[in-house]
Amino acid sequence: MLLLLVKKFLGKRQSRQTSSADIPTTAPEQIVERIKQGDLRLRNQFITDYQPFIAKVTSQFCKRYIDPSRDDEFSIAMNAFNEAINQYDSQKGRPFLSFSETVIRRRLIDYLRKEQRLQQTPFSSFEMEDEEENIVNPLEIRQAVESYEYERIAEERRSEIIDLDRRLMEFDIRFGDLVEASPKHVDSRQTLFSIGRMLAEERELMDLLQSKKMLPIKELMARVKVSRKTLERNRKYIIAIALIYSGSYPYLQEYLRVPDQRVRFEERSQGDE
């Protein structure tokens, strides 16, 4: 459950790398029609925006968590989503996302069938003797190592989430609060991510945060050009980002993927959400 909330809290920003005001409120079918008119930028943005959907479909099909940065299945699904854009016919009346899910599943089936054919070679054909004349199978060893590595990463990710949840509770913050508090606009989220990172990197501010269990709003206002109202409204979100950046959370930090922005922030109209 916590992993799901983390994805909703951090995954929102991942799905949008650049601003595109009309995409969130435009039906996928309408976007696809515009893409087919030759808008390559919109195609790339559309695929990026729907990466969480692609990952969800892929994970459901594979019946396990799919890591977009590591698993080949996600790349297969991304290509299938792009293929679905090319093949979609709005005249048939089928929703695009439903159609794309079908294409993704078909391509994953093709991929798994190909993998199974490659695996039909008997394991025994890979056996060899080691230096001590013991029979070993490099393929079995590799699969065992990969399986162990996957379980290790999954366990470390769970441990990070549990530890972060414990730290958030010290500030009376729950993951569910963060999902609700997540800003709608990508520019607003990027601004808050950068404020949280700056807070994590300044020892004096982090000491105040840790000791008082409150966001040092006055001190932040002296460093960033955003309103007090913006800081107060996004207090929980900024604190969570600062805790992630300041803690030993390599997997959660990977979710953030925010470029370093060491500039004073200009006030934006959507920043007051």
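FYI, it's all coordinate maths here, none of it is from the lab. For clarity, every value in this text was computed on a predicted model and none was experimentally measured. Please note: Cβ atoms are built from the backbone with ideal geometry, for glycine as well, and neighbour counts cover all protein chains shown.
Below, the figures for the structure above:
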| read-out | value |
| --- | --- |
| Taking LYS56, LYS63 and counting other C-beta atoms within 10 Å, the order from fewest to most | LYS63, LYS56 |
| Per-residue Cβ neighbour rank within 10 angstrom, fewest leading, ARG105, ARG197 | ARG105, ARG197 |
| Packing-based exposure ordering (other Cβ within 10 Å, fewest first) of TYR249, TYR65 | TYR65, TYR249 |
| At most 14 other Cβ within 10 Å, DSSP loop - chymotrypsin sites (Phe, Trp or Tyr not before Pro), segment 171-221 | none |
